[in-house]
Amino acid sequence: MSRSVHKLSVSFRYNYTCPDFFFLSSSLEQLHMNCAIMICTPVSWKSLRNLTLNSCKLSDDKAVANILSGCPVLENLELFYCLALPQRLDLSKSLNLRRLEIRWSCRSSYPLEIIAPQIRYLKVIVLEEPCTLVDVSSVTEANLEICIQKLFFTVADFVQIRVLKMLEKLQNVERLTFGRTLLQMLSLAELRGITFPMLKVHTLIVETMIVRSAIPGITRLLQNSPVLTKLIAQATCSGNINDHTLDYYLGVLGLNPDQCWRSEYIHNFPTSEGIFSMVRCENAASKLFTSFMELVLRNSKTLETMVIRFRPTPALALECFAQLLQMPPTLPHNDNVSIVLNPSNHSLIASVSLS
């Protein structure tokens, strides 16, 4: 490969096998590859700092180790939808690696194990089987999500336990993001009475529909984050697991779904089916978002800033603030909380006194 190439992005036809010379370059600093077979005979990318492999097939479980050994200054590794990842992804010898992102869409007979004690940022989106975090002790920011398709009843118990074990490994993370399906699984764990670890997170980000199936999980995360100062809620318009599936699962466990969802902090929130008619009415939508803000304030004593990202009209945003100000002054706070609705070109910001 030419020594003058510093950045390279290449897309091949499916199952293209990279020639040996492709793996030799002293100048390449950034590489993005799509749809290639990585046989990875001796690799020498001495200057490579950023590597993205998208829909690539690795020749064997030694391919990743071979790549890493030939990238001594690698800082950022992204593995998207790659086939034949090793069961044990050991990155401990990549001393300069700081960011790891994995999007794994392929079922396998084993959960991926990650050993990366030096990384600071971790993003993991997997299909039905959460990763096992063996050592991610230096991570300060993490983003987690899981997608569950047809195997919900087969993997639901396993996923809940695995997700909570992941949280145990992330207890020192300062900024933590949860996707919508992961929050639903945490809700099921909460309803079943499974113990959650305590967290040291300062910023919590939840990407979810504001519906009842996410509320128990969010509430427990708030209660188990005693130093939380900022919450960002990204309201989405879709979910992954429908309410009928969740209700059936609770029934199989011998729990009464109606009683599970009837608790004081859940009954104000709609189902994933009912939310669509609710958000079409500004008055109902304002009550929904106000209920969510009140829930957050009641369950986080140290919160300083709350950001709600959705697309309200100015009238809806003002109505939310008006309803929030009518809440009784009995929330567990001593200071003001800054509340931001829809941080964009039309943001509305208020400082609400809770004392």
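Anything in segment 6-60 that is assigned to a strand (DSSP E or B), closer than 17 Å to CYS82 by Cβ and of a type in the set (Ser, Thr, Tyr)? List them, or say none.
SER9, SER11, TYR14, TYR16, THR17, THR52 - these are the residues of segment 6-60 that are assigned to a strand (DSSP E or B), closer than 17 Å to CYS82 by Cβ and of a type in the set (Ser, Thr, Tyr).
Under the condition of being open to solvent by less than 20 Å² (accessible area, probe 1.4 Å) and either within 14 Å of ASN336 (Cα to Cα) or touching a strand residue (DSSP E or B) at 6+ places or on another chain (Cβ under 7 Å) (or both), which residue from segment 311-320 is modelled with the lowest pLDDT? Outline the logic, then answer.
Applying the first criterion (open to solvent by less than 20 Å² (accessible area, probe 1.4 Å)) to segment 311-320 yields 316-317, 320.
The next check asks that each one be either within 14 Å of ASN336 (Cα to Cα) or touching a strand residue (DSSP E or B) at 6+ places or on another chain (Cβ under 7 Å) (or both); those that pass are 317, 320.
On the way: ALA317: 63, CYS320: 67.
Across segment 311-320, the extreme among qualifying residues is ALA317.
Return the residues of segment 207-226 that are of a type in the set (A, V, I, L, M, F, W, C) and modelled with pLDDT of 95 or more; say none if nothing qualifies.
ILE218, LEU221, LEU222
In the set LEU204, LEU246, which member is closer than 23 Å to ILE339 by Cβ and either modelled with pLDDT of 90 or more or within 22 Å of the chain's Cα centre (by Cα) (or both)? Full working, then the answer.
On the way: LEU246 fails: closer than 23 Å to ILE339 by Cβ.
Only one candidate qualifies: LEU204.
So which residues in segment 253-269 are surrounded by 13 or more Cβ atoms within 10 Å (Cβ to Cβ), free of Cβ contacts under 8 Å to residues at least 60 places away in the same chain and under 24 Å from PHE153 (Cα atoms), if there are any at all?
Within segment 253-269, PRO257, TRP261, ILE266 meet the criteria.
Within segment 74-91, can you find the residues that are over 22 Å from TYR16 (Cα atoms) and either in a strand (DSSP E or B) or open to solvent by less than 40 Å² (accessible area, probe 1.4 Å) (or both)?
LEU74, ASN76, ARG88, LEU89, ASP90, LEU91
Can you tell me which residues in segment 160-178 are touching a strand residue (DSSP E or B) at 6+ places or on another chain (Cβ under 8 Å), in a loop (DSSP other than H, G, I, E, B) and open to solvent by 10 Å² or more (accessible area, probe 1.4 Å)?
If the condition is that a residue be touching a strand residue (DSSP E or B) at 6+ places or on another chain (Cβ under 8 Å), in a loop (DSSP other than H, G, I, E, B) and open to solvent by 10 Å² or more (accessible area, probe 1.4 Å), then GLU174 is the only one that fits.
Can SER47 be described as over 29 Å from GLU168 (Cβ atoms) and open to solvent by less than 40 Å² (accessible area, probe 1.4 Å)? Steps first, please.
Details: over 29 Å from GLU168 (Cβ atoms): yes; open to solvent by less than 40 Å² (accessible area, probe 1.4 Å): yes.
Considered against the rule, which asks whether it is over 29 Å from GLU168 (Cβ atoms) and open to solvent by less than 40 Å² (accessible area, probe 1.4 Å), SER47 comes out as yes.
Going by the conditions given, is ASP157 assigned to a loop (DSSP other than H, G, I, E, B) and at pLDDT below 95?
When the stated conditions are applied, ASP157 does not pass them.
Please go through segment 193-220 and pick out each residue that is out of contact with any Asp or Glu (no Cβ under 9 Å at 6 or more places or on another chain) and closer than 19 Å to MET166 by Cα.
Once the filter is applied, which keeps residues that are out of contact with any Asp or Glu (no Cβ under 9 Å at 6 or more places or on another chain) and closer than 19 Å to MET166 by Cα, segment 193-220 yields GLY193, ILE194, THR195, MET198, LEU199, LEU204, ILE205, VAL206, ALA214, ILE218.
Can you confirm whether SER138 is farther than 28 Å from VAL5 by Cα, surrounded by fewer than 18 Cβ atoms within 10 Å (Cβ to Cβ), polar (S, T, N, Q) and in contact (Cβ under 8 Å) with a residue 12 or more places away in the chain?
Answer is yes for this residue.
So for segment 296-308 (the condition being modelled with pLDDT under 75, basic (Lys, Arg) and outside any helix (DSSP H, G or I)), does at least one residue qualify?
No, segment 296-308 contains no residue that is modelled with pLDDT under 75, basic (Lys, Arg) and outside any helix (DSSP H, G or I).
Among the listed residues LEU28, LEU58, LEU24, identify the single one that is at pLDDT 90 or above, touching a strand residue (DSSP E or B) at 6+ places or on another chain (Cβ under 8 Å) and either hydrophobic (A, V, I, L, M, F, W, C) or buried (at least 16 other Cβ atoms within 10 Å of the Cβ) (or both).
Within the list LEU28, LEU58, LEU24, the selection yields LEU28.
Show me the helices (runs of 4 or more DSSP H) found entirely inside segment 179-285 where at least 1 residues are β-branched (Val, Ile, Thr).
Because the criterion is at least 1 residues that are β-branched (Val, Ile, Thr), the helices (runs of 4 or more DSSP H) in segment 179-285 that meet it are 180-191, 215-223, 243-252, 275-279.
Please go through segment 207-234 and give me each residue that is more than 14 Å from the chain's Cα centre (by Cα) and open to solvent by 20 Å² or more (accessible area, probe 1.4 Å), ordered by number.
Correct list: ARG212, ARG220, GLN223, PRO226, VAL227, THR229, LYS230.
Given the condition open to solvent by 20 Å² or more (accessible area, probe 1.4 Å), without any contact (Cβ under 8 Å) to a residue 60 or more places away in the chain and among the aromatic types (Phe, Trp, Tyr), answer yes or no: does some residue in segment 274-288 qualify?
Yes: one or more hits.
The values are calculated or read from the model by the stated rules, or taken from the named source; none is laboratory data. Treat the numbers as computed from the prediction; the structure is a model and nothing was measured. Reconstructed Cβ throughout: ideal geometry from the backbone, glycine too, with neighbour counts over all protein chains shown. All accessible areas refer to the heavy atoms of the entire protein, side chains included, with ligands and DNA or RNA removed. Shrake-Rupley method; radii C 1.70, N 1.55, O 1.52, S 1.80 Å.
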